[in-house]
1. Among LEU156, LEU115, LEU149, which is the only one that is at pLDDT 50 or above and either assigned by TED's automatic domain parsing to the domain that holds LEU22 or out of contact with any strand residue (DSSP E or B) (no Cβ under 8 Å at 6 or more places or on another chain) (or both)?
2. Here are some conditions: (1) modelled with pLDDT of 85 or more; (2) out of contact with any helix residue (DSSP H, G or I) (no Cβ under 7 Å at 6 or more places or on another chain). PHE6 meets all but one. Which one does it not meet?
3. When only residues in the range 193-238 that are among the hydrophobic types (A, V, I, L, M, F, W, C) and in a loop (DSSP other than H, G, I, E, B) count, which is modelled with the lowest pLDDT?
4. Suppose we keep only residues that are charged (D, E, K, R) and loosely packed, with under 11 Cβ neighbours inside 10 Å within the range 105-121. Which one would you say is farthest from LEU53 (Cα to Cα)?
5. With the structure loaded, tell me whether ILE288 is within 23 Å of LYS127 (Cβ to Cβ), at pLDDT 95 or above and of a type in the set (Val, Ile, Thr) or whether it fails that test.
6. Which of the following residues is under 21 Å from ALA191 (Cβ atoms) and either touching a His at 6+ places or on another chain (Cβ under 8 Å) or among the charged types (D, E, K, R) (or both): ASP270, ASP227, ASP258?
Amino acid sequence: MVVKVFVVDDSAIVRQALAHMLAGNPEVELVGSAPNPLLAVEAIRKSQPDVLLLDIEMPGMDGLTFLRQVMSTNPIPTVICSTLSTEGSKVALEALSAGAISVMAKPKLGLKQYLDDSRRDMIQLLKVAARAKPRARQAAADGAAARMLPARAPVLSSVHAFAMNKPVVMGSSTGGTQALELVLTHLPADAPGIAITQHMPEKFTAMYAQRLNGLCAMQVREAKDGDRLERGLALIAPGGLHMQLRKASGQYYVHVMDGPPVNRHKPSVDVLFKSAAEVAGRDALGIIMTGMGDDGARGMKVMHDGGARTIAQNEETCVVFGMPKEAIKLQAVDDILPLEQIARAILQFDSRA
């Protein structure tokens, strides 16, 4: 399969550099480009691309507005490629929430060299994106989830809340920002403590946690070394650092540290899952969700073999069924569930004696 790519970017230099980068690759074909969304609409309709490569800041119509329009009318897997400052990162998070498959930050200087150096990763990302199911294609499923689950799940009794201390660890990548939002917004204020590794760049995780904290009954924040994992709190591993679970005096804590990438990722889901297997054993619940690659699969296998309960998101509701698929292949998974059932599964596990 040749992946057909359409580029929307107001910079002629960027469009030329991307054309040069994709030229000659038998797996990827540039079928067109446009300097802004207004000029792109008709060309996209005619060329029927498999993937859009989209800038954010453009004249006439910004990329975020265009992305929302595309996802509501004719969903196309979209990769954001933009110069992202701190402010830009906030917009990029909105793009991921609106259905973008992934975000790549391009530099203001040295663009051609950067694209040459990133050629392999870019082409792999475009190939994965072409197989993805954009968020809008899951609108029916998301709507069903909203109907199936209460706006806020029932609050557990205070006696139960103090009696239980069973940690939940979650891992996700491509499509995970939307998936995690759906799960966490359907958990009560006293849900079990959750440690999360989501593959994200360094500048993104703090803002992502802040955004979720404003949407959820639980508290959500970017993890700091030594934070206690307590009921009603979800901790997200900082971009660019690994996170492990630790236990002392009957309480669970997170250890945030630097180190080499694992499975090409930092933070790595495997690092979190293997630590949960070591310190929590059968008291832990591990959940692996949408994402490309195999990060987390081996860690989930260690958890499963140690007696923990393990869940994988099903293929139908994944944006990319990579990480869950690899965990399933390793026979590391107890249950395969659609996204809309994962919050309920967390509460059921939490209530188990």
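The values are calculated or read from the model by the stated rules, or taken from the named source; none is laboratory data. Not measured: the values here are computed from a predicted model. Neighbour counts run over all protein chains shown; Cβ positions are idealised from the backbone, glycine included.
1. Numbers: LEU156 fails: at pLDDT 50 or above; LEU149 fails: at pLDDT 50 or above.
The match here is LEU115.
2. For PHE6, the failing item is (2).
3. Of the range 193-238, the ones among the hydrophobic types (A, V, I, L, M, F, W, C) are 194-196, 200, 204, 206-207, 209, 212, 215-218, 220, 223, 229, 233-237.
Remaining after also requiring in a loop (DSSP other than H, G, I, E, B): 200, 216-218, 223, 229, 237.
Numbers: MET200: 90, CYS216: 97, ALA217: 97, MET218: 97, ALA223: 98, LEU229: 96, ALA237: 98.
Looking at the filtered set, the residue picked out is MET200.
4. Going residue by residue through the range 105-121, those that are charged (D, E, K, R) are 106, 108, 112, 116-117, 119-121.
Subset that is loosely packed, with under 11 Cβ neighbours inside 10 Å: 108, 120.
Values: LYS108: 17, ARG120: 15 Å.
Restricting to residues being charged (D, E, K, R) and loosely packed, with under 11 Cβ neighbours inside 10 Å, the top hit is LYS108.
5. Details: within 23 Å of LYS127 (Cβ to Cβ): yes; at pLDDT 95 or above: yes; of a type in the set (Val, Ile, Thr): yes.
The answer is yes for ILE288.
6. On the way: ASP270 fails: under 21 Å from ALA191 (Cβ atoms); ASP258 fails: under 21 Å from ALA191 (Cβ atoms).
Every option except ASP227 fails the conditions.
A quick yes/no check of all residues on (1) polar (S, T, N, Q); (2) surrounded by fewer than 22 Cβ atoms within 10 Å (Cβ to Cβ):
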| site | (1), (2) |
| --- | --- |
| VAL31 | no, yes |
| PRO37 | no, no |
| ILE44 | no, yes |
| GLN48 | yes, yes |
| SER72 | yes, yes |
| PRO77 | no, no |
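Residue-wise test of (1) closer than 29 Å to GLN198 by Cβ; (2) at pLDDT 85 or above; (3) basic (Lys, Arg).
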{"residue": "ALA34", "(1), (2), (3)": "no, yes, no"}
{"residue": "THR65", "(1), (2), (3)": "yes, yes, no"}
{"residue": "GLN69", "(1), (2), (3)": "yes, yes, no"}
{"residue": "ILE80", "(1), (2), (3)": "yes, yes, no"}
{"residue": "GLY88", "(1), (2), (3)": "yes, no, no"}
